[in-house]
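Comments concern the structure below.
Every number in this text was worked out from the coordinates using simple rules, so none of it is lab data. Not measured: the values here are computed from a predicted model. Quick reminder, even Gly has a Cβ in these numbers, built from the backbone with ideal geometry, and neighbours come from all protein chains shown.
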Amino acid sequence: MLEIESIDVFYGEFQAIFSLDLNVGEQETVITVGPNGAGKSTLLKAITGIQPPKQGSIRLLGRSIERLAAHKIVELGIAHVPEGGKIFPQLTVFENLKIGSFVKRARNDFRQALDEIYGLFPRLRERHHQLADTLSGGERQMLAIARSLMSRPKLILLDEPSSGLAPLIVSLLFEFVNKIKSQGYSILMVEQNVRKALQLCDRAYLLESGRVKLTGDRDSFSQESSVRQAYIGI
C-alpha cells in the first residue's frame with residue numbers, strides 16, 4: 001500500500017527526518033511512537049505533501065507521490081486526520097461530513113458513504129444537525145475521523161487521535177479505530193498512548209531524533225525492554 005524509502009525532510013535548514021524507511025500493507029494498521037520532536041507528525045506531513053521530502057521516495061500502490069501537491073495526494077486515496085482533528089466548529093456535523101466527500105470519486109457516493117458512517121458512528125447520526133462547536137472533545141475527534149472516511153480513502157493517517165481526551169473517552173476512541181480497522185482500511189497512526197495502540201496495531205515503529213530506532217510486529221515490539229520501560233511503563 002504505502003512504501004517509504006530513505007526520505008529526508010527539512011524545515012528550512014533544520015533536518016527533521018533522516019533516511020527514513022517505512023511501509024504499510026493492505027488492510028494493515030501500523031503505529032509510530034517516540035518522544036516529542038522525534039519526527040512523527042513530520043512523517044505524516046511528508047506523506048501528504050504538506051512538508052515534502054528533499055530526498056527519497058514515497059509510493060502509494062506503486063505510484064510515486066512525493067512530488068505531488070497535497071490535494072492530488074488526497075484524490076489518490078490518502079486521508080489525514082491532524083492532531084486535534086481540525087473540524088469546522090461553526091458547521092453542523094452533517095456539513096463537516098459533506099466537506100469530507102469533496103473529492104471527485106466520493107461525491108457521487110455521498111449518501112451511501114453517509115449511511116455507512118452513521119452506522120459506524122451512531123452518535124454522529126444523533127447529532128446530525130448539531131454545530132460541531134457544541135460537541136464534546138471525544139465527539140469532535142470522532143467527527144474528524146468520520147470526515148476523513150467520507151473521502152473513501154485507501155489509507156488513513158491519524159495524528160495523536162487520543163491527545164487531550166479523558167481516559168474513558170480514549171478507550172471509546174480506540175474502539176472506534178478498531179471498528180475502522182475491521183472495515184479493511186489501512187491505517188498509519190501516530191500515538192503517545194502506546195499501550196492501547198499496541199493492542200490494535202499489526203506492526204510498530206519507534207522514532208527518535210528523526211530516525212527509525214526499532215521496528216517489529218506487535219508482539220516483538222511490545223516485548224522489547226526499552227519500549228516497555230519508556231512507553232508502556234513496565
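Separation between the LYS98 and HIS129 pseudo-spin-labels, each 7 Å from Cα along Cα→Cβ, expressed in nm?
Modelled inter-label distance: 1.4 nm.
Mind listing which GluC sites (Glu not before Pro) in the stretch 1-58 are in a DSSP loop and have 10 or fewer other Cβ atoms within 10 Å?
Details: sites: GLU3, GLU5, GLU13, GLU26, GLU28; in loops: GLU13, GLU26, GLU28.
Here the sparse-neighbourhood loop sites are GLU13.
Which distance in Å, rounded to a whole number, links the C-alpha centroids of the stretch 202-223 and the stretch 162-183?
21 Å
So how tilted is helix 167-182 from the main axis of the chain? Cα-based, degrees 0 to 90, rounded to 10.
Taking the Cα atoms of the chain, the angle to 167-182 is about 90 degrees.
Taking only Cα atoms, what is the 0 to 90° angle, nearest 10, from helix 137-149's long axis to the longest principal axis of the chain?
So the inclination is approximately 90 degrees.
Evaluate the relative contact order of the stretch 81-214 (contact order divided by residue number), counting alpha-carbon pairs under 8 angstrom at least 6 apart; express in whole percent.
Working: 164 pairs, mean separation 38.5, N = 134.
Relative contact order, the stretch 81-214: 29 percent.
Per DSSP helix of 4 or more residues, -39500 (n - 2.57); summed, then divided by the residues of the chain. What does that give at 222 nm, rounded to the nearest 500? Intermediate results must be reported in sequence, preceding the final value.
Working: 10 runs with 85 residues, N = 234.
Only helices count here, giving -10000 deg cm²/dmol.
For the chain, rounded, prolate or oblate, judged on the Cα gyration tensor with a ≥ b ≥ c (square roots of eigenvalues), a/c < 1.5 rounded, else prolate if a/b > b/c? Write down the numbers at each step before the final one.
Numbers: a/c = 1.79, a/b = 1.29, b/c = 1.39.
The shape class here is oblate.
Using 7 Å Cα-to-Cβ label points, what is the ASP219/GLU13 separation (nm, one decimal)?
For the pair ASP219/GLU13, the computed spacing is 5.0 nm.
Find, among the chymotrypsin sites (Phe, Trp or Tyr not before Pro) in the stretch 1-104, those assigned to loop by DSSP (not H, G, I, E, B) with at most 15 other beta-carbon atoms within 10 angstrom.
PHE102
Please report the antiparallel percentage of the DSSP beta bridges confined to the stretch 113-234, to the nearest 5.
The antiparallel fraction comes to roughly 55 percent.
I want to make sure I understand the PRE zone here: with the label point 7 angstrom from the Cα of GLU208 toward its beta carbon, which residues in the stretch 19-49 have backbone N atoms less than 14 Å away?
Flagged as within label range: 33-39.
Using θ = phi - 60° and the Karplus curve 6.51 cos²θ - 1.76 cosθ + 1.60, what whole-Hz ³J(HN,Hα) does each residue of the stretch 209-224 get, with Gly and Pro shown as x?
Going residue by residue, I get 6, x, 10, 6, 9, 7, 8, x, 6, 4, 5, 5, 5, 6, 8, 5 Hz, with x marking Gly and Pro.
Which entries in the list LYS154/LYS213; LYS154/LYS179; LYS54/LYS86; LYS40/LYS213 go over 19 Å, if you measure between the two C-alpha atoms of each?
LYS154/LYS213; LYS54/LYS86
Relative to the longest principal Cα axis of the chain, at what angle does helix 110-120 sit, 0 to 90 degrees, rounded to 10?
Helix 110-120 and the main axis of the chain meet at about 70 degrees.
Shape call for the stretch 111-186 from the C-alpha gyration tensor, a ≥ b ≥ c root eigenvalues: rounded (a/c under 1.5), prolate (a/b greater than b/c) or oblate?
Note, shape of the stretch 111-186 comes out oblate.
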